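Below you'll find the structure, written out as structure tokens, and then a few comments.
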Amino acid sequence: MSTALLPAAMAPTPSLPRSAHRWLALTVLALAQFLVVLDASIVNIALPRIGAGLGLDDTLLTWVIVAYVLPFGGLLLLGGRLADRFGHRKVFLAGTFGFAAASAAAGLSLNGTMLLGARAVQGASAALLAPAALALLMQLFPVADGRAKALGIWGAVAGAGSAAGVLLGGVLTAWLGWASIFFINVPIGLVVLTAIPALVSRDASKAGTRLDLPGALTVTAGMVALVAALSLALDAGFADPLTIGLAAAGLVLLALFVLIEARTAAPLVSFAIFANRAVSLGNLVMLLIGGATVGLFFVLSLHMQNVLGYDALAAGISQLPLAVVLILAAGTVPQAIARFGSAATLSASLLLVAAGLAWLSFAPVDASFLVHLLGPTLVIGAALGGAFVAGTELAVSGVQEADSGLASGLINTSQQIGGAFGLALIFTIATTRTVALAEAGSDPVAALAGGYGLAYLGAAGFALAGAAIAALGARRAR
């Protein structure tokens with residue numbers, strides 16, 4: 001890993017041993033993170049069954065997704081700071097317990113209100129779990145002692161979760177019903193809750209640290225408003241008055257948050273962390289990675305079902321090669337980072353992502369999986385393995401242990417905001433193109449295919465932008 005981007009003040013600080021079995025602990029932490037990423041995508045395939053089972057129309061079904069994304073994206077920074085304040089292990093376990101309990105409630109839901117409430121608790125719990133888990137990884141694996149390899153495993157698991165969600169969603173929904181996509185989280189959560197206390201030691205006490213409540217309230221409200229605006233844009237469009245109003249409110253609240261942080265003695269977010277150019281660069285690129293990947297998996301699932309006629313199970317199985325090659329490729333990334341640096345590896349990976357997406361955009365209406373889809377999805381999967389690992393490595397470079405929860409929260413926040421914005425923009429592009437083709441007399445299926453093809457190019461644009469920014473960082477590092 002290149003350290004040329006790291007100011008001396010942000011040099012890595014050594015961590016005390018937290019586990020005698022840290023690789024086993026990493027496995028359990030990665031399993032919990034897998035659940036968080038998985039749950040953002042596994043629900044997509046099951047939405048029609050959920051709607052039929054609970055009597056929800058299409059508008060309410062979108063809120064099954066939004067109810068999870070809003071608290072997750074809005075509370076991540078607060079979750080990271082709570083982990084730094086009250087202990088990473090304690091907050092991780094609290095988040096895991098809440099996630100498992102809310103998953104059980106979601107599976108037992110008798111109506112839409114109960115399901116939406118459970119999804120909101122899931123999202124809030126994930127906002128505690130995710131940054132605390134990555135912070136624990138950073139402490140278990142100091143920079144010079146296996147962190148690159150550990151982040152390779154972490155990135156593979158996180159990246160595979162999005163693709164695996166479609167596969168598992170299709171299989172579980174087809175075989176066991178929609179409630180099973182939530183119930184599966186419960187036994188896994190119990191395994192995590194049992195294993196982590198035995199594998200990871202308690203955090204040192206930080207009882208004297210104050211929590212910045214005004215900052216926490218403004219940043220949480222601002223993030224929720226911004227994510228809500230981007231989610232609403234999927235249905236109402238970017239020009240809708242409510243979308244504009246929520247976006248404006250979010251930006252005002254975030255500006256107020258910046259003012260509060262500049263004046264408080266114990267800020268929720270110490271802006272000194274952004275003096276580390278690697279952290280700033282990594283988070284900016286992770287935002288663009290989120291935009292590309294969330295848009296990709298959403299559009300790919302629709303493309304397979306609405307144009308190619310795959311059922312939910314076939315659509316899920318068709319994305320299995322992408323997930324497998326992503327995991328395999330991520331294992332080789334630490335060697336590339338050691339040789340070329342995080343930023344250069346990240347730039348090259350995102351160029352390949354863009355190339356795979358451009359290739360995918362040429363798929364014809366009657367595309368064959370083996371001829372037209374398998375090749376580009378394998379390229380995308382391998383490149384995403386590199387992008388997730390190198391992006392995470394860059395975004396946590398040189399972060400002090402006291403700010404590890406904050407750094408982890410920033411990474412997850414960047415991905416969530418980027419994913420929400422990317423999905424809204426890419427879906428708008430696809431819809432506009434589809435409507436234009438239909439009005440010009442195209443067959444409805446051909447019009448859909450044309451829209452999805454342009455959406456893939458939109459996702460490629462996010463990847464290209466990320467590649468350019470990472471290349472600039474690599475040039476400065478040299």
Subject >> Residues of segment 359-376 that turn out to be surrounded by 14 or more Cβ atoms within 10 Å (Cβ to Cβ) and part of a loop (DSSP other than H, G, I, E, B), as a count >> reply: 4
Subject >> Lone qualifier among Ala216, Ala239, Ala221 - being surrounded by fewer than 21 Cβ atoms within 10 Å (Cβ to Cβ) and not in a helix (DSSP H, G or I) >> reply: Ala239
Original post:
Are there any pairs with C-beta distances below 6 angstrom linking a residue in segment 360-377 that is touching a residue at least 60 places away in the same chain (Cβ under 8 Å) and under 13 Å from Val299 (Cβ atoms) to a residue that is open to solvent by less than 20 Å² (accessible area, probe 1.4 Å) and hydroxyl-bearing (Ser, Thr, Tyr), with the two at least 6 apart or on different chains, and if so which?
Top reply: Leu360/Tyr456; Ser361/Tyr456
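Going by what's in this entry, would Ala438 be described as modelled with pLDDT of 90 or more and farther than 30 Å from Leu268 by Cβ? I'd like the intermediate steps shown before the answer.
Numbers: modelled with pLDDT of 90 or more: yes; farther than 30 Å from Leu268 by Cβ: yes.
In short, yes.
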Original post:
If you scan segment 459-476, which residues turn out to be over 17 Å from Ala383 (Cα atoms) and either surrounded by fewer than 21 Cβ atoms within 10 Å (Cβ to Cβ) or at pLDDT 90 or above (or both)?
Top reply: Leu472, Arg475, Arg476
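Among Phe99, Phe34, which is the only one that is open to solvent by 40 Å² or more (accessible area, probe 1.4 Å), at pLDDT 80 or above and closer than 30 Å to Trp175 by Cα? Steps first, please.
On the way: Phe99 fails: open to solvent by 40 Å² or more (accessible area, probe 1.4 Å).
One residue alone meets the criteria, Phe34.
How many residues, within segment 273-284, are out of contact with any Pro (no Cβ under 9 Å at 6 or more places or on another chain) and open to solvent by 50 Å² or more (accessible area, probe 1.4 Å)? Please lay out each step first, then the result.
Initial filter on segment 273-284 (out of contact with any Pro (no Cβ under 9 Å at 6 or more places or on another chain)): 273-274, 278-284.
Still in the list and also open to solvent by 50 Å² or more (accessible area, probe 1.4 Å): 274, 284.
Looking only at that region, the number is 2.
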Original post:
Within segment 259-270, is there a residue that is open to solvent by less than 10 Å² (accessible area, probe 1.4 Å), under 26 Å from Val37 (Cα atoms), of a type in the set (A, V, I, L, M) and part of a helix (DSSP H, G or I)?
Top reply: no
**OP:** Give the number of residues within segment 50-75 that are open to solvent by 60 Å² or more (accessible area, probe 1.4 Å) and assigned to a loop (DSSP other than H, G, I, E, B).
**Re:** 2
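Here are Ser408, Ser397, Ser404: which of them is modelled with pLDDT under 85, open to solvent by less than 30 Å² (accessible area, probe 1.4 Å), in contact with a Gly (Cβ under 9 Å, 6 or more places away or on another chain) and assigned to a loop (DSSP other than H, G, I, E, B)? Write out each step before concluding.
Numbers: Ser408 fails: assigned to a loop (DSSP other than H, G, I, E, B); Ser404 fails: assigned to a loop (DSSP other than H, G, I, E, B).
Testing whether each residue is modelled with pLDDT under 85, open to solvent by less than 30 Å² (accessible area, probe 1.4 Å), in contact with a Gly (Cβ under 9 Å, 6 or more places away or on another chain) and assigned to a loop (DSSP other than H, G, I, E, B) leaves just Ser397.
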Original post:
Just one of Leu326, Leu287, Leu322 is under 30 Å from Ala216 (Cα atoms) and either at pLDDT 85 or above or open to solvent by less than 40 Å² (accessible area, probe 1.4 Å) (or both); which is it?
Top reply: Leu287
Subject >> Unmet requirement for Ala343, which otherwise passes all of (1) of a type outside the set (D, E, K, R); (2) within 20 Å of the chain's Cα centre (by Cα); (3) at pLDDT below 85 >> reply: (3)
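Quick grid of which residues meet (1) farther than 24 Å from His21 by Cα; (2) outside any helix (DSSP H, G or I); (3) modelled with pLDDT of 80 or more; (4) of a type in the set (Ser, Thr, Tyr):
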{"residue": "Ala127", "(1), (2), (3), (4)": "yes, no, yes, no"}
{"residue": "Leu134", "(1), (2), (3), (4)": "no, no, yes, no"}
{"residue": "Pro142", "(1), (2), (3), (4)": "no, yes, no, no"}
{"residue": "Gly165", "(1), (2), (3), (4)": "yes, no, no, no"}
{"residue": "Gly169", "(1), (2), (3), (4)": "yes, no, no, no"}
{"residue": "Phe182", "(1), (2), (3), (4)": "yes, no, yes, no"}
{"residue": "Gly189", "(1), (2), (3), (4)": "no, no, yes, no"}
Subject >> Complete set of residues in segment 320-342 that are out of contact with any Ser or Thr (no Cβ under 7 Å at 6 or more places or on another chain) and either more than 20 Å from Ala156 (Cβ to Cβ) or part of a loop (DSSP other than H, G, I, E, B) (or both) >> reply: Gly331, Thr332
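Taking segment 377-387 only, how many residues are closer than 30 Å to Leu140 by Cβ and open to solvent by 10 Å² or more (accessible area, probe 1.4 Å)? Step through it out loud before you land on a result.
Step one: filter segment 377-387 for residues closer than 30 Å to Leu140 by Cβ, giving 381-387.
Then drop every residue that is not open to solvent by 10 Å² or more (accessible area, probe 1.4 Å), which leaves 382.
Residues in segment 377-387 being closer than 30 Å to Leu140 by Cβ and open to solvent by 10 Å² or more (accessible area, probe 1.4 Å): 1 in total.
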Original post:
Using beta carbons and a limit of 6 Å, which pairs, at least six apart or on different chains, have the first residue in segment 103-123 and farther than 14 Å from Leu61 by Cβ and the second one part of a helix (DSSP H, G or I) and open to solvent by 30 Å² or more (accessible area, probe 1.4 Å)?
Top reply: Ser103/Val186; Ala104/Val186; Gly107/Phe183; Ala118/Ala105
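The values are calculated or read from the model by the stated rules, or taken from the named source; none is laboratory data. No experiment lies behind these values; they were computed from the predicted model shown. Because the Cβ atoms are built from the backbone with ideal geometry, glycine has one as well, and the counts that use them run over all protein chains shown. Note: accessible area is taken over every heavy atom of the protein model, side chains too, but ligands, DNA and RNA are not part of it. Shrake-Rupley method; radii C 1.70, N 1.55, O 1.52, S 1.80 Å.
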